[in-house]
Amino acid sequence: MKGVVLYDTTFGNTQKVAEAIADALKEGGHEVGLYHISEAKKLDAADYDFVVIGSPTKMNTMSFAMRRFLGKFKGEGWRGKPFFAFDTELVDVIEKGGDSAGEKIQKELEERGMTPLVPVFKAGVAGIKGPLVAGSIEKAKKHASNFAEALG
């Protein structure tokens, strides 16, 4: 299957997670494009079987750039396509169970008729600028492998 991993990043942490996810999906035998949302101007749903989208969590929601991107990411062609959402967020926010970018992305994509195959993946960061918490990359790869298995 062919898919695309789309992400926004501020300090590079979300990009590292996106790269790990793309690598794991490729290792699972899928053809995968990896793009920062600023590089993903016109995506044709007909070119992809699945999508993965991630953003840093800022003030319990996705980045402004991701919100703007999702406003343009629409079309009947995406309806029914499988996806999963991910984010990076402060560890203490994850532990408290606050709202996150990934959850908001998932909600928006579900409202457009897309199908989440695995839960939102949350990668913890130790501080506002990072770094990623130890083990985050390995967990991201495992989550992506679970998604690849669910794709069939």
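Just so it is clear, none of the values below were taken in a lab; they were calculated from the coordinates. These numbers were taken from a predicted model, which means no experiment stands behind them. Cβ sites come from the backbone with ideal geometry, for glycine too, and all protein chains shown count toward neighbours.
Can you show me the helix-derived [θ] at 222 nm for the chain, built from DSSP H runs with n ≥ 4 at -39,500 (n - 2.57) apiece and divided by the number of residues, rounded to the nearest 500.
On the way: 5 runs with 57 residues, N = 152.
One gets -11500 deg cm²/dmol as the mean residue ellipticity at 222 nm.
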- Item | the chain: relative contact order as a whole-number percent, Cα under 8 Å and 6+ apart | 27 percent
- Of the convex hull drawn through the C-alpha atoms of the range 77-152, the volume per residue in Å³ is 88 Å³
- Message: Sorting check: for 40-46, 19-25, which peptide has the highest mean count of neighbouring beta carbons within 10 Å, and how do the rest follow?
- Response: 19-25, 40-46
- Query: With +1 on each Lys and Arg Cβ and -1 on each Asp and Glu Cβ, how big is the dipole of the chain about its Cα centre, in debye rounded to the nearest 20?
  - Reply: 360 debye
- Write down Rg/Rh for the range 32-119, rounded to two decimals, with Rg from the C-alpha atoms and Rh from the Kirkwood relation over Cα pairs. 0.96
- Counting Lys and Arg as +1 and Asp and Glu as -1, what is the net charge of the other residues whose Cβ lies under 13 Å from the Cβ of GLY75? +3
- Item | Label assignment, Cα Rg over 2.2 N^0.38 Å derived from the structure, set [x] 0.94; [y] 1.05; [z] 1.01 | [x]
